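Let me begin by presenting the structure, written as structure tokens, before commenting on it.
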Amino acid sequence: MNIRFLGTAAFEGIPSLFCRCELCAKAREAGGKEIRSRTSAMLGDDLKIDFPPDTFMHMVQGGLDLERIKDLIFTHSHSDHLYAEDLAARLPGYAQSAAHPIGIYANDAVLLRIKQTLDFNGGLQGKFTLNLARLFERAELQTAAVVPLPASHDPLETCLLYYIEKDGKAILYGHDSGWFPEETWAWLEDKKLDLAVLECTMGRIDYRKSHMNIEAVLETKERFEANGMLKPDARIVVTHFSHNAQLSHTDLTDIFAPHGIQVAYDGMMLEI
Ligand SMILES: [Zn+2]
Ligand SMILES: [Zn+2]
Ligand SMILES: [Zn+2]
């Protein structure tokens, strides 16, 4: 199975809109892997995680056929993960889309936002189904089995991490989150992972409450290892970077490569 990292930045993107910081200036000049759009990933070509405002660009640059998506799962409702207005583009009048409904699986905050947005455009019209994710409850979706786990992120919302089983592989999609809540660790502890996707929004900044820094990523890896949670060929990938951390793709690679952790970039494809 393959995973494709469509976007790898935190909310602001890199370079950030309006920003004149050193990293953003360098990114504008260098282009390539230094340009990061808002986070989303595809597992195979039929399961998408999050729907950020950069989806149009992801589709064009990655040659994606969004009509192959059967399941669309959401981590939370922050604007870098959910741009509900563009989901209306699948409705009659905006697209000659296929007959199948895309199954949306998310917390109530996300579902409500999507429902309200689509209601302004005539409702779901058979193009989407809305399904409520319940913490620790396994759901058999069309393309994968998923278990939503509590993140440590926005205290006003049930932000979700996902344990995903797809095509015989086990994946932890671990952001947005600071150091995982103990109840999440307790549930994960006996799982064997092929891939863990973690975030490193904060870089070297001393903070790990609602986002992770480098230290928290490395300690998370140590705890995976101590619990025997990594299969022999397991991969750990970091993503969701902020310009505020002032670390280029090269800097991040230099930091994480010695620990066997891969640094995602926009468009990166991994076979697991
Ligand atoms: Zn985010
Ligand atoms: Zn900046
Ligand atoms: Zn967030």
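The values are calculated or read from the model by the stated rules, or taken from the named source; none is laboratory data. None of the values given here were measured: they were computed from a predicted structure. A quick note on method: Cβ atoms are made from the backbone with ideal geometry, for glycine too, and the neighbour counts reach across all protein chains shown. Accessible surface areas use protein heavy atoms only, side chains included; no ligands, DNA or RNA. Shrake-Rupley method; radii C 1.70, N 1.55, O 1.52, S 1.80 Å.
Inter-label distance, residue 96 to residue 56: 2.1 nm, where each label sits 7 Å from its Cα along the C-beta direction. Subtracting the Cα-Cα distance of residue 205 and residue 137 from their residue separation scaled by 0.36 nm leaves 21.0 nm.
Assign unit charges at the C-beta atoms only (+1 for Lys and Arg, -1 for Asp and Glu), then state the dipole size of the chain relative to its Cα centre in Debye, rounded to the nearest 20.
Values: 27 positive and 39 negative charges, 71 e Å.
So the magnitude is around 340 debye.
Centroid-to-centroid, using Cα positions, region 208-254 and region 16-75 are 19 Å apart. Fully extending the segment from residue 227 to residue 1 would add 78.9 nm, taking 0.36 nm per residue of separation and subtracting the current Cα-Cα distance. Apolar share of the accessible surface for the chain: 52 percent from carbon plus sulfur atoms, 1.4 Å probe. Spacing of the modelled spin labels on residue 215 and residue 112, each 7 Å from Cα toward Cβ, amounts to 3.7 nm. Among 164, 84, 147, whose Cα projects farthest towards the positive end of the dipole of the chain, with charges put on the beta-carbon of Lys, Arg (+1) and Asp, Glu (-1)? Comparing the listed Cα positions along the dipole, 84 ranks first. Of the peptides 121-128, 193-200, the ranking by mean beta-carbon count within 10 Å, highest at the top, reads 193-200, 121-128.
Listed highest first by mean packing, meaning other Cβ atoms within 10 Å per residue, what order do 33-45, 259-271 come in? Before the final figure, lay out each step's value.
Working: 33-45: 21.8, 259-271: 17.3.
Packing proxy ranking, top to bottom: 33-45, 259-271.
Summing Lys and Arg as +1 and Asp and Glu as -1 over all other residues whose Cβ lies under 11 Å from the Cβ of residue 48 gives a net charge of -1.
About the Cα centre of region 173-271, how large is the charge dipole given +1 on each Lys and Arg Cβ and -1 on each Asp and Glu Cβ? Please answer in debye to the nearest 20. Provide the component values of the computation, followed by the final result.
Working: 9 positive and 17 negative charges, 2 e Å.
That gives region 173-271 a dipole magnitude of about 0 debye.
Under a 1.4 Å probe, what is the accessible area of region 127-214 per residue, stated in Å²?
Numbers: 3600 Å² over 88 residues.
Solvent-accessible surface per residue comes out at 41 Å².
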